Amino acid sequence: KNEVEQSPQNLTAQEGEFITINCSYSVGISALHWLQQHPGGGIVSLFMLSSGKKKHGRLIATINIQEKHSSLHITASHPRDSAVYICAVPYNFGNEKLTFGTGTRLTIIP
Amino acid sequence: DSGVTQTPKHLITATGQRVTLRCSPRSGDLSVYWYQQSLDQGLQFLIQYYNGEERAKGNILERFSAQQFPDLHSELNLSSLELGDSALYFCASSTASGGASETQYFGPGTRLLVL
C-alpha cells in the first residue's frame with residue numbers, strides 16, 4: 001500500500017505570503033490528487049496531475065514522478081485560503097482506489 | 001456546488017441502530033465512491049460503484065453495505081452501529097470508472113454521531 005506523507009501538518013502564515021505544502025508517497029502512481037477541505041467540512045478537488053505542473057488562479061501544483069513528490073503552492077495567500085489541504089494517491093500502481101495523506105492545516109492571518 | 005448531493009446532512013443515533021445514507025451523483029456521472037473521515041483515521045476509501053456494479057472495495061466493515069440503483073443514486077447502509085462509527089461520510093462521483101485516474105467531485109458529507 002502507498003504510504004503518503006504530508007508536511008507540514010500545520011502552517012500559519014501572514015496574508016500575502018507564498019505557501020508551499022509537500023506530499024511524498026512510496027509507490028509509483030498514475031496520478032496524484034490535491035483536495036481542499038473547508039472549515040465547514042466540504043471537500044473540493046483542486047488538481048489531478050500525473051506529470052509536470054498545473055496552475056489554477058493562485059494555486060500551482062507540481063509533481064516529480066522520479067522523486068515521488070508533489071508540492072502545492074499558493075501565491076499571494078488570503079485568509080479565505082485557510083483550510084486543510086489533502087494529498088491523495090492510488091493504493092499502488094494500477095490500483096484505482098485512493099489513499100489519503102493526513103492533511104495540512106493552513107491558517108492565513110490577515 | 002459540486003453537483004453531488006447527500007442526505008441527511010446530520011444524523012444522531014444510538015449504538016446498535018441502523019442508518020441509511022443517500023447520495024445522488026452529478027448528472028452524467030456513472031461512478032459513486034463512499035469515504036469515511038474520522039478524527040483518528042482520516043479519510044478512508046470504503047467502496048466504489050460503477051453503473052450499478054461494485055467496482056472496488058476498501059476498508060469497509062461487514063456491518064456496512066452499499067448499492068447503486070438504476071437511476072445511479074447510491075445508498076450506504078450502516079448497521080449494528082458502534083461509537084467508533086461516528087464520522088463524516090462523503091460520497092463522490094466521477095464520469096467513468098477510473099477512480100484514482102479521474103477527478104472526483106465530492107458531496108457535502110453526512111455527519112454521523114453514534115451515542
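Go through region B:1-28 and report how many residues are within 14 Å of another protein chain (Cβ to nearest Cβ) and modelled with pLDDT under 95.
So the count comes out to 3.
Show me the strands (runs of 3 or more DSSP E) entirely contained within chain A in which 2 or more residues are free of Cβ contacts under 8 Å to residues at least 40 places away in the same chain and away from chain B (no Cβ under 13 Å).
Those strands (runs of 3 or more DSSP E) span A:52-56, A:59-64.
Which count do you get for residues in region A:81-99 that are modelled with pLDDT under 95 and out of contact with any His (no Cβ under 9 Å at 6 or more places or on another chain)?
Of the residues in that region, 9 qualify.
Please work out if B:Ala56 is under 27 Å from A:Asn92 (Cα atoms), in contact (Cβ under 8 Å) with a residue 40 or more places away in the chain and either touching a strand residue (DSSP E or B) at 6+ places or on another chain (Cβ under 7 Å) or of a type outside the set (S, T, N, Q) (or both).
On the way: under 27 Å from A:Asn92 (Cα atoms): yes; in contact (Cβ under 8 Å) with a residue 40 or more places away in the chain: yes; either touching a strand residue (DSSP E or B) at 6+ places or on another chain (Cβ under 7 Å) or of a type outside the set (S, T, N, Q) (or both): yes.
In short, yes.
Those residues that are assigned to a strand (DSSP E or B), more than 13 Å from chain A (Cβ to nearest Cβ) and surrounded by fewer than 17 Cβ atoms within 10 Å (Cβ to Cβ), I need them from region B:76-115; list them, please.
Those that are assigned to a strand (DSSP E or B), more than 13 Å from chain A (Cβ to nearest Cβ) and surrounded by fewer than 17 Cβ atoms within 10 Å (Cβ to Cβ): B:Asn77, B:Leu113.
Does B:Arg55 satisfy the condition of being of a type in the set (D, E, K, R), within 14 Å of chain A (Cβ to nearest Cβ) and in contact with a helix residue (DSSP H, G or I) (Cβ under 8 Å, 6 or more places away or on another chain)?
So B:Arg55 passes the test.
The values are calculated or read from the model by the stated rules, or taken from the named source; none is laboratory data. What you see is a predicted model, and the numbers here were worked out from it, not measured in a lab. Quick reminder, even Gly has a Cβ in these numbers, built from the backbone with ideal geometry, and neighbours come from all protein chains shown.
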